[in-house]
Amino acid sequence: MTQETPKQTRREQILQALALMLQEDSGKRITTAALARQVGVSEAALYRHFPSKARMFEGLIEFIEETLFERIRRILDEEPQAQARCHHILTLLLGFAEKNPGLCRLLGGDALTGETARLRVRMTQLFDRLETQLKQILREAEIHEGLRTTLQVSAAANLLLATADGRITQYVRSDFRRLPTEHWEDQWQMLSARLLVATPHPAHV
C-alpha cells in the first residue's frame, strides 16, 4: 500500500492501517476496535466508510486485483513472447507480495480464517484468474511461436503458479524474513528450461 499523503481519503487511511496491522500483528485476529485505535477514530467512524470488517478486507482484495491485473495487461501489451510473459507475471506477483507483506496474509488466506466465506472464495478466484491467464499464454505459444509445453498446458500453468504461491507462503511463515524473490531468477531458469519446446513439424510425404 502507498504511504499516507495529504490527499489520502479516510477510506484509504483505514485500508492502509488494516494492511499494516496484518503485517505487524501476524497471526492475530484483527478487531474493529484495534483498527479504530490504529487509525485514530471511533469504531462508528469506521462503519461510516465500511459497513463491515468484511468490506474492509474486500477493499484490500480489490486493491490487489486492480494492481496486479492492470500491470498484467501492460505486460501482455508490451511483451509478445510467451516465456517472457510468464516470467514477468510471476515476477510481478512475487515483487508485489514482497513490497506488501500484510497483503500476503490475504493472498495466503490465513488472515481470512473465521471471516465470511465469500472472502476466501474471492481470493481463490483471484488465483484461478492468474492461472487461467498463464494457461492462455501457454496455449497461444503454439499458435504464434510454434512452441508447446512439455507438460499438459493446465499442469504447466499450475506448476508455475504453485511455485510463486509457495514462495509467498514461505514469506508469511517466516514472519516476512524469507523474501519471495530470493533465488527466484535462478529458479526461473530451471523452470523455464523445459517449459516450452519447439512443435515438431510433420514429415513431408
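General remarks:
- Considering LEU94, LEU90, the condition of being touching a residue at least 60 places away in the same chain (Cβ under 8 Å), in contact with a Lys or Arg (Cβ under 8 Å, 6 or more places away or on another chain), part of a helix (DSSP H, G or I) and within 23 Å of LEU195 (Cα to Cα) is satisfied by LEU94 alone.
- Failed item in (1) in contact with a His (Cβ under 9 Å, 6 or more places away or on another chain); (2) open to solvent by 80 Å² or more (accessible area, probe 1.4 Å), with TRP188 passing the rest: (2)
- Taken over segment 154-205, residues that are in a loop (DSSP other than H, G, I, E, B), touching a residue at least 60 places away in the same chain (Cβ under 8 Å) and of a type in the set (Val, Ile, Thr) amount to 1.
- The sole residue among ARG118, ARG129 that is at pLDDT 95 or above and either open to solvent by 10 Å² or more (accessible area, probe 1.4 Å) or assigned to a loop (DSSP other than H, G, I, E, B) (or both) is ARG129.
- GLY109 being buried (at least 20 other Cβ atoms within 10 Å of the Cβ) and at pLDDT below 95: no
- From the list GLU79, GLU70, the lone residue that is touching a His at 6+ places or on another chain (Cβ under 8 Å), farther than 13 Å from LEU18 by Cβ and either open to solvent by less than 50 Å² (accessible area, probe 1.4 Å) or free of Cβ contacts under 8 Å to residues at least 24 places away in the same chain (or both) is GLU79.
- Of all residues in segment 133-153, those satisfying the criterion of being assigned to a helix (DSSP H, G or I), open to solvent by less than 80 Å² (accessible area, probe 1.4 Å) and touching a strand residue (DSSP E or B) at 6+ places or on another chain (Cβ under 7 Å) are LEU138, ALA141.
- For segment 145-184, filtering for residues that are closer than 24 Å to GLN81 by Cβ and under 16 Å from the mean Cα position of the chain (by Cα) leaves 13.
- With respect to the stated conditions, LEU103 fails to be more than 23 Å from ARG29 (Cα to Cα) and either open to solvent by less than 60 Å² (accessible area, probe 1.4 Å) or hydrophobic (A, V, I, L, M, F, W, C) (or both).
The values are calculated or read from the model by the stated rules, or taken from the named source; none is laboratory data. Please read all numbers here as calculations on a predicted model, not as lab measurements. Cβ coordinates were reconstructed from backbone atoms using ideal geometry, including for glycine residues, and neighbour counts include every protein chain displayed. Each accessible area value is taken on the protein alone, full model and side chains, heavy atoms only, with ligands, DNA and RNA left out. Shrake-Rupley method; radii C 1.70, N 1.55, O 1.52, S 1.80 Å.
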